[in-house]
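The structure appears right after this line, and notes come after that.
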Amino acid sequence: MNICVYGAASSLIDKSFVEAGEELGRKIAQRGMGLVFGGGRNGMMGAVARGVQEENGSILGISPSFFEESNAEISFQYCTEVIHTETMRERKRLLDEKSDAFIITPGGIGTFDEFFEILTLKQLGRHNKAICIYNINNYFDSVLNMMQVGVDQNFITNDCRCLYEVYNDVDTMLDYIEKYDPKDFDISQVKIR
Ligand code: AMP
């Protein structure tokens with residue numbers, strides 16, 4: 001089973017996030033799951049990849065080739081496989097295609113973009129894979145509150161809430177992903193409006 005982990009590229013985040021990311025990576029590998037990620041060396045991306053590497057797990061990094069040329073994001077050097085894409089959109093498409101489940105860890109606009117895209121695609125019935133927010137240090141509380149405002153004011157259907165889960169505990173989150181069976185989740189029952 002391959003898990004896509006989205007998360008910050010920034011190297012300026014507090015070390016408590018980094019440590020939680022490394023722990024997540026170790027636990028992914030210990031369960032025999034593979035990591036699929038954006039290929040960066042810094043921030044949450046690098047932390048999770050380092051954790052997987054410590055446990056000799058499989059790591060697929062997917063990043064656009066212009067990062068290599070521009071040094072926009074420094075690559076993690078120890079991926080077991082790397083795929084270079086031409087565009088960011090192509091990268092996101094492959095991250096989705098190569099993964100059986102998604103974990104969103106704290107990040108910036110790139111991570112928000114990735115979360116909302118994968119959530120929107122699930123709402124539209126384009127996939128029915130597990131989506132988990134790993135709410136380290138309650139980082140996502142404001143985003144989740146904003147989602148509730150959208151539900152309360154009828155911008156977002158209440159059904160949207162069943163498309164993703166929020167966890168503070170890494171083991172419970174990985175248990176959920178392991179047990180999740182897409183066949184049990186009937187995407188056609190989700191009301192878009
Ligand atoms: P961030 O959460 O902003 O630190 O970014 C996390 C990852 O998302 C990084 O690999 C970014 O390159 C990527 N990213 C940033 N902006 C976008 C975007 N508009 N679309 C897709 N990926 C993005």
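Using only Cα atoms and rounding to the nearest 10 degrees, what angle (0 to 90) does helix 43-54 make with the longest principal axis of the chain?
70
Any idea how far apart ILE74 and MET88 come out in nm if each label point goes 7 Å out from Cα toward Cβ?
Output for this residue pair reads 2.2 nm.
In nm, what is the difference between 0.36 nm times the number of residues separating LEU121 and ASP186 and their Cα-Cα distance?
Extra length from LEU121 to ASP186 when fully extended: 22.0 nm.
Helix 170-179: angle to the longest alpha-carbon principal axis of the chain, degrees 0 to 90, nearest 10?
The two axes meet at around 70 degrees.
Ranked from highest to lowest mean number of other Cβ atoms within 10 Å per residue, what is the order of the peptides 100-107, 166-173?
100-107, 166-173
Each residue of the range 12-17 in turn: what ³J(HN,Hα) in whole Hz from Karplus with 6.51, -1.76, 1.60 and θ = phi - 60°, glycine and Pro shown as x?
So the J values, rounded to whole Hz, are 9, 6, 4, 5, 5, 5.
How many lysine pairs are close in the chain, with Cα atoms under 20 Å apart and the two 8 or more places apart or on different chains?
Here the count comes out as 17.
For a quick check, take a GNM of the chain with Cα springs below 10 Å and name the residue from VAL36, VAL52, VAL151 with the largest mean-square fluctuation.
VAL151
Once fully extended, how much extra length lies between ASP141 and CYS162, figured as 0.36 nm per residue of separation less the alpha-carbon to alpha-carbon distance?
Difference between extended and current length: 5.9 nm.
Hey, what's the Kirkwood Rh for the chain if you take every pair of different alpha carbons, in angstrom?
Kirkwood radius, the chain: 16.8 Å.
Quick check for me: using +1 on Lys/Arg Cβ and -1 on Asp/Glu Cβ, what's the dipole size of the range 25-98 about its Cα centre, in debye to the nearest 20?
Approximately 340 debye in magnitude.
Against the longest principal axis of the chain, how steep is helix 109-123, in degrees 0 to 90 to the nearest 10, with axes from Cα atoms?
The helix 109-123 is inclined about 40 degrees to the chain.
Please name which of MET44, GLY125, LEU163 has its Cα lying farthest along the dipole of the chain towards the positive end, using unit charges on Cβ (Lys, Arg +1; Asp, Glu -1) and the Cα centre as origin.
Most positive-ward Cα: GLY125.
I need the phi-derived Karplus couplings for the range 145-152: 6.51 cos²θ - 1.76 cosθ + 1.60, θ = phi - 60°, integer Hz, Gly and Pro marked x.
Going residue by residue, I get 5, 4, 4, 5, 4, x, 5, 4 Hz, with x marking Gly and Pro.
Output wanted: per-residue J couplings in Hz (rounded whole) for the range 65-71, from phi through Karplus 6.51 cos²θ - 1.76 cosθ + 1.60, θ = phi - 60°, x for Gly and Pro.
Each residue's phi maps through the Karplus curve to give 5, 5, 5, 4, 6, 9, 6 Hz.
Just to verify a number: what accessible area does CYS162 come out at with the full protein assembly present, 1.4 Å probe, Å² rounded to tens?
Accessible surface of CYS162 is approximately 60 Å².
The values are calculated or read from the model by the stated rules, or taken from the named source; none is laboratory data. None of these values were measured; they are calculated from a predicted model. Cβ coordinates were reconstructed from backbone atoms using ideal geometry, including for glycine residues, and neighbour counts include every protein chain displayed. In case anyone asks, the SASA skips ligands and DNA or RNA and just uses the protein heavy atoms, side chains included. Shrake-Rupley method; radii C 1.70, N 1.55, O 1.52, S 1.80 Å.
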